[in-house]
Amino acid sequence: MSCDLDLLNITSTDLETWANSPESRAQLPQLIEKLILATAPDVLKCRIPYGDDIVQPGYDGVVLATKDCRHVPAGISYWEMGTNKNVLAKAKG
C-alpha cells in the first residue's frame, strides 16, 4: 500500500494485496502494536518486535494491561501473528 492511501477507505482487497507482499511480514507487528496502543488506554507494557527483530524466538508479542478493553484483555497476554495463509501451522508452533 502506498503512503498516500486514504486510510478510511482501505478495502479487503487492499489488505490481501498488502498481506501477500514481502514487506507485510515485518510491518504487521508494528501495525498491531500501534493499534493496541491507540485503542487500549490501560496498557502498561507492549513489546511487539517488528522489522528486522521479527526473527527472535518466542511469542510475537507480550502485552500487559490493567483493564480489559475490546481487543486486549486485562493482565498479561501473549500474541502470535503472521501474514501466511496457514494459520494453524503458526498456532501449533
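The values are calculated or read from the model by the stated rules, or taken from the named source; none is laboratory data. The structure displayed is predicted, hence computed values, not measured ones. Counting neighbours? That spans all protein chains shown, and the Cβs are built from the backbone with ideal geometry, glycine included. Surface accessibility is based on the protein's heavy atoms, side chains included, excluding ligands, DNA and RNA. Shrake-Rupley method; radii C 1.70, N 1.55, O 1.52, S 1.80 Å.
Here is the list for the stretch 1-87: trypsin sites (Lys or Arg not before Pro) lying in DSSP coil, each with at most 10 other C-beta atoms within 10 angstrom of its C-beta, are ARG70, LYS85. Loop-located GluC sites (Glu not before Pro) across the stretch 3-93 with a Cβ neighbour count of 16 or fewer within 10 Å are GLU23, GLU80, with loop assigned by DSSP. Give me the net charge for the shell around GLY61: Cβ to Cβ below 9 angstrom, other residues only, Lys and Arg +1, Asp and Glu -1. Charge balance in the 9 Å sphere: -2. Computed with every protein chain present, the accessible area of LEU64 is close to 60 Å² [probe 1.4 Å]. Given the alternatives (i) 34, 31, 19; (ii) 52, 22, 15; (iii) 35, 32, 23, Cα extents along the principal axes in Å as computed for this entry is given by (iii).
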